[in-house]
Amino acid sequence: GVLELDVALPQGLPNYQPGQFARLTLHPDEGSHPFTILHYDAATRVARFAIKALGDYTRRLPGLLQPGDAAVVEGPYGCFTSSDKDQPELWIAGGIGIAPFIAWLEALAEQGQTRERARLYYCIRYAENAIFSERLAELCRRAGVALIPVISSQHGRLNPDDLPVTADTHVWFCGPEKMRDMLKQRLALPAGQLHYELFEFR
């Protein structure tokens with residue numbers, strides 16, 4: 001249910017930072033959609049997007065696209081970019097919201113860096129819904145990030161009361177709006193310590 005799409009960009013993305021998104025237009029009559037940039041190769045100027053089949057258009061995309069089709073990419077946008085500070089961090093992903101965290105982890109692997117004070121909670125309904133599960137596990141191992149799958153059909157949904165939140169913990173979230181709002185209400189965090197983007201997946 002996830003399409004990986006590579007787009008060659010003649011001018012590249014000179015200001016790109018892992019975790020950002022772009023507005024991608026593949027069919028002018030459909031307009032642009034915001035998608036996280038899963039990976040960007042500066043040498044080849046190719047941006048990779050991960051597109052979840054969440055609506056009529058995204059479900060039909062694999063049958064609509066052909067290699068060599070034209071695309072318009074606007075961006076990159078957003079401030080969902082990893083900190084290099086040595087601080088406790090909780091990364092919380094809901095479904096396709098795992099994409100920016102994969103972008104972070106890919107960048108850490110390329111730079112030979114680690115984030116050993118980070119824990120990644122990957123929230124999905126069923127185990128088979130896990131996206132890029134083998135790649136994700138390997139990237140987390142290399143980065144020293146604790147990967148914690150939260151499979152609601154087996155364990156129930158993520159309970160904010162069970163999260164190891166302290167006064168200096170920063171929480172990064174990407175996923176459904178309802179889940180974001182629940183975390184905002186339930187986590188007693190000082191201002192500026194809960195990070196998320198203000199756009200919806202379509």
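The values are calculated or read from the model by the stated rules, or taken from the named source; none is laboratory data. Only a predicted model underlies this, so the values are computations on that prediction, with no experimental measurement involved. Note that we place each Cβ from the backbone using ideal geometry, even for glycine, and neighbour counts take in every protein chain shown. Keep in mind that these areas ignore ligands, DNA and RNA; they rest on the heavy atoms of the full protein, side chains included. Shrake-Rupley method; radii C 1.70, N 1.55, O 1.52, S 1.80 Å.
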Requested in this report: Arrange the residues K85, K178 by how much accessible surface each exposes, largest first, with a 1.4 angstrom probe.
Outcome: K178, K85
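Please compute the Kirkwood hydrodynamic radius over region 1-45, one decimal place, Å, based on all pairs of different Cα atoms. Provide the component values of the computation, followed by the final result.
Working: mean 1/r = 0.0850 Å⁻¹.
For region 1-45, the Kirkwood estimate is 11.8 Å.
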**Report entry** Loop GluC sites (Glu not before Pro), region 44-146 (other Cβ atoms within 10 Å of the site Cβ: 16 or fewer; DSSP)
**Finding:** E116
Requested in this report: For region 33-126, just say rounded, prolate or oblate: build the C-alpha gyration tensor, square-root its eigenvalues into a ≥ b ≥ c, call rounded for a/c under 1.5, and beyond that prolate if a/b exceeds b/c, oblate if not.
Outcome: oblate
**Report entry** For the chain: accessible area per residue (Å², 1.4 Å)
**Finding:** 53 Å²
Report summary line: Once both label points are put 7 Å beyond Cα along the C-beta direction, the K85-R141 separation in nm becomes 3.2 nm
Query raised in the report: How would R59, R23 line up by accessible area, probe 1.4 Å, largest first?
Result: R59, R23
Report summary line: Taking the dipole of the chain about the Cα centre (Lys, Arg +1; Asp, Glu -1; charges at Cβ), the one of A167, G1, G19 that reaches farthest to the positive side is A167
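Hey, any idea what % of region 149-202's accessible area is carbon plus sulfur with a 1.4 Å probe?
50 percent
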Query raised in the report: How far is helix 177-186 tilted off the main Cα axis of the chain, in degrees rounded to 10, range 0 to 90?
Result: 20 degrees
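Please give the peptides 3-12, 143-152 ranked by average Cβ packing (other Cβ atoms within 10 Å per residue), highest first, as a rough proxy for protection.
Working: 3-12: 13.3, 143-152: 17.5.
My ranking of the peptides, most packed first, is 143-152, 3-12.
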Query raised in the report: Roughly speaking, to the nearest percent, how much of region 10-139's 1.4 Å accessible area is carbon and sulfur?
Result: 46 percent
